[in-house]
Amino acid sequence: MVSKTEDEQLIRLENQVENGGGGTWEYLSLVRKLKLRRSDKVFKYGSAILADPKKRSALGPEEWTLYEQVAIAAMDCQHLDLAKGYIKVLQGKFRESKRVGRLEAMLLEAKGLWSEAEKAYSSLLEDNQFDQVIHKRRVAMAKAQGNLAGAIEWLNKYLETFMADHDAWRELAEIYVSLQMYKQAAFCYEELLLTQPTIPLYHLAYADVLYTLGGLENLHAAKKYYAATIDLTGGKNTRALFGCGSAIAQLTRGRNRDDKDNSELQSLSAAALEKAYKQQSPTKVSALSSALRSLKVSS
Amino acid sequence: MAEDLVLDTAIRDWVLIPLSVVMVLIGVLRYFVSKLMRSDQVPDLKIVKEGQVIIRARNLRAAANFIPAKSFRARRHYYSNEENGLLHVPKGQAQNPQAQMFSDPNMAMDMMKKNLSMIIPQTLTFAWVNFFFSGFVAAKIPFPLTQRFRAMLQNGIDLSTVDVSYVSSRSWYFLNLFGLRGLFSLILGEDNATDDTQRMMQMGGFGFDPTRSLGAEKDNLDIVQHEWALPKFEQRAESVLKKLVQK
């Protein structure tokens, strides 16, 4: 997670670098520390440093870290020849290094030579089965080939050992949703809720999955999780408001509106929606009210 | 405790300064030796997995109220059932750490290497100091101290009449041994291997047993009362929305 101060610092540095104010190295270090994906910028500024021998040697031993960072960024930007050059430099410096081996395998992957890359990754994993990056690369590779079932298999294998890695759970949840395997996705989102119960997006995604699954119990739960999202976002999340409204509409369908507490939450979310639309996009208010009417929300 | 003792300047030149310099040099040397001998440890798959299980179970315990009761019960069963629960440790399997240490020669080897790099130079320097500089009064600190400090500052001098502010050479050795840590972290970088005091503490606390913490986590999980927090959120959401709409 990126904290607020770090985020501000990043934006400040980014502006500074873009306007030629220096601080490039600080910017690159921060990107690396926060594990952000700013490949285009990292490639542009990092390769400029690497091209200048004086600047490069001023970094001391950090020079090699920069080579690695820029090589990865270059692969992400499809500058494969340049990436190859950087990896060669690293190879010359660190012979037999696993970390450089990883880069080589990634280069194979970037070229689309799937079977070669796969072979390289598995031989690296044989040496060190705890390399989380390689496990994740394998998942990404399966995903890049459109082999979602394979990606799920790799992810499950990875999570069997590293079961506290919430990013992996999130990835798995999203793959399950895209394959419409909602029960499995619900489990993953529960796992995410357990690790970080204060993030509204997980509540929202879980509610979506429950709502899609349907059934009385799930709809009740979905309504509650939409409510939790509303609470955590202060009523600013439009999707949660819509979800809350439609979940309650589903629950009360075919019944008289005898549940008083339900209808209150429903009308309140409808009112909040109307207000938000009036403020932010007045042209779409009519569309909203017709949508709400179809849900029998507005009276 | 009559008049001040006069310390020969030769003592400063030939005892005090060489002693400090030697201590620093030995510290640096030891850092490099231990760096050479250090083997990168490959963690055991089982231990990594157990660590992760513990984190996950702890999360479950802390945030149990955020998931529906059914999901919570399913998870708890998964962790702590008696047949193949992740947190369940079969009785006979709980290895005691001592046995584990002897069964794994690598571990014993590592311990020995650590001890070698720690104890041998220390005994050697201590013997050296003892042999050459025993009974020296090496320095005087510029402020008076109470009698209690005698044992600390005048180790090796068995005179009760010398003022406590005089430091014997052997005590100077000890002061250096423990006081140079800050200097080492300056020369060798933050996390250097010459941290004697910490290593001594580690020796005391040796024998961490992961199976024990698994069992503790299981007990904790078993007594968790699940109370779904979400129904409360509905009311809170209502009040949030009311405020928002009225604004």
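Just one of the numbered conditions (1) farther than 30 Å from A:R56 by Cα; (2) away from every other protein chain (no Cβ under 14 Å); (3) assigned to a helix (DSSP H, G or I); (4) not hydrophobic (A, V, I, L, M, F, W, C) is not true of A:K183; which one?
So A:K183 meets the others, but not (2).
Quick check on the range A:212-221. Is at least one of its residues facing chain B (nearest Cβ under 9 Å), open to solvent by less than 70 Å² (accessible area, probe 1.4 Å) and free of Cβ contacts under 8 Å to residues at least 60 places away in the same chain?
Step one: filter the range A:212-221 for residues facing chain B (nearest Cβ under 9 Å), giving A:217, A:221.
Checking which are open to solvent by less than 70 Å² (accessible area, probe 1.4 Å) leaves us with A:221.
Add one more test, that the residue is free of Cβ contacts under 8 Å to residues at least 60 places away in the same chain, and what stays is A:221.
Scanning the range A:212-221, I find at least one residue that is facing chain B (nearest Cβ under 9 Å), open to solvent by less than 70 Å² (accessible area, probe 1.4 Å) and free of Cβ contacts under 8 Å to residues at least 60 places away in the same chain, so the answer is yes.
For B:V89, which of the numbered conditions (1) within 23 Å of A:L194 (Cβ to Cβ); (2) in contact with a helix residue (DSSP H, G or I) (Cβ under 8 Å, 6 or more places away or on another chain); (3) at pLDDT 75 or above fails to hold?
So B:V89 meets the others, but not (3).
Which condition number does A:S97 fail, the rest of (1) polar (S, T, N, Q); (2) loosely packed, with under 13 Cβ neighbours inside 10 Å; (3) under 22 Å from A:S123 (Cα atoms) being met?
(2)
Conditions (1) open to solvent by less than 80 Å² (accessible area, probe 1.4 Å); (2) on the phi < 0 side of the Ramachandran plot; (3) at pLDDT below 85; (4) in a helix (DSSP H, G or I), marked per residue:
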{"position": "B:S171", "(1), (2), (3), (4)": "yes, yes, no, yes"}
{"position": "B:L183", "(1), (2), (3), (4)": "yes, yes, yes, yes"}
{"position": "B:E190", "(1), (2), (3), (4)": "no, yes, yes, no"}
{"position": "B:M201", "(1), (2), (3), (4)": "no, yes, yes, yes"}
{"position": "B:P231", "(1), (2), (3), (4)": "yes, yes, yes, yes"}
{"position": "B:Q235", "(1), (2), (3), (4)": "no, yes, yes, yes"}
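Only one of A:T212, A:T198, A:T283, A:T229 is outside any helix (DSSP H, G or I) and of a type in the set (S, T, N, Q); which?
On the way: A:T212 fails: outside any helix (DSSP H, G or I); A:T283 fails: outside any helix (DSSP H, G or I); A:T229 fails: outside any helix (DSSP H, G or I).
Of the residues listed, the single one that is outside any helix (DSSP H, G or I) and of a type in the set (S, T, N, Q) is A:T198.
Any residue in the range B:142-160 that is under 24 Å from B:V129 (Cβ atoms) sitting within a Cβ distance under 6 Å of a residue that is basic (K, R)? List the pairs, counting only those 6 or more apart or interchain.
These pairs meet every condition: B:N155/B:R170; B:G156/B:R170.
I need the full set of residues from the range B:219-247 which are more than 7 Å from chain A (Cβ to nearest Cβ) and of a type outside the set (A, V, I, L, M, F, W, C), in order please.
Initial filter on the range B:219-247 (more than 7 Å from chain A (Cβ to nearest Cβ)): B:219-229, B:232, B:235, B:239, B:243, B:246-247.
Those that are more than 7 Å from chain A (Cβ to nearest Cβ) and of a type outside the set (A, V, I, L, M, F, W, C): B:D219, B:N220, B:D222, B:Q225, B:H226, B:E227, B:K232, B:Q235, B:S239, B:K243, B:Q246, B:K247.
List every residue pair whose Cβ atoms lie under 7 Å apart, where the two residues are 6 or more positions apart in sequence or sit on different chains, the first residue falls within the range B:106-117 and is open to solvent by less than 50 Å² (accessible area, probe 1.4 Å), and the second residue, located anywhere, is modelled with pLDDT of 70 or more.
B:S117/B:R30; B:S117/B:V33; B:S117/B:S34; B:S117/B:M37
For the range A:109-121, give me each residue that is in contact (Cβ under 8 Å) with a residue 12 or more places away in the chain and closer than 29 Å to B:Q52 by Cα. Please lay out each step first, then the result.
Of the residues in the range A:109-121, the ones in contact (Cβ under 8 Å) with a residue 12 or more places away in the chain are A:109-111, A:114, A:117-118, A:120-121.
Selection gives A:A117, A:E118, A:A120, A:Y121.
Could you tell me how many of the residues in the range A:240-263 are away from chain B (no Cβ under 14 Å), at pLDDT 60 or above and surrounded by 11 or more Cβ atoms within 10 Å (Cβ to Cβ)?
4
For the structure I just gave you, tell me whether B:A62 is at pLDDT 85 or above and out of contact with any strand residue (DSSP E or B) (no Cβ under 8 Å at 6 or more places or on another chain).
Working: at pLDDT 85 or above: yes; out of contact with any strand residue (DSSP E or B) (no Cβ under 8 Å at 6 or more places or on another chain): yes.
Yes.
Determine which member of the set A:K88, A:K143, A:K136 is open to solvent by 70 Å² or more (accessible area, probe 1.4 Å) and closer than 24 Å to A:D52 by Cα. Before you say what the answer is, go through the steps one by one.
Working: A:K143 fails: closer than 24 Å to A:D52 by Cα; A:K136 fails: closer than 24 Å to A:D52 by Cα.
Unique residue meeting the criteria: A:K88.
I'm checking my understanding of the structure. Among residues of the range A:222-234 that are over 23 Å from the mean Cα position of the chain (by Cα) and open to solvent by less than 10 Å² (accessible area, probe 1.4 Å), which one is farthest from the other protein chains (Cβ to nearest Cβ)?
Among residues in the range A:222-234 that are over 23 Å from the mean Cα position of the chain (by Cα) and open to solvent by less than 10 Å² (accessible area, probe 1.4 Å), the one farthest from the other protein chains (Cβ to nearest Cβ) is A:K223.
The values are calculated or read from the model by the stated rules, or taken from the named source; none is laboratory data. These numbers were taken from a predicted model, which means no experiment stands behind them. With ideal geometry, Cβ positions are generated from the backbone for all residues, glycine too; neighbour counts draw on all protein chains shown. What goes into the accessible areas is simple: the full protein's heavy atoms, side chains included, and nothing from ligands, DNA or RNA. Shrake-Rupley method; radii C 1.70, N 1.55, O 1.52, S 1.80 Å.
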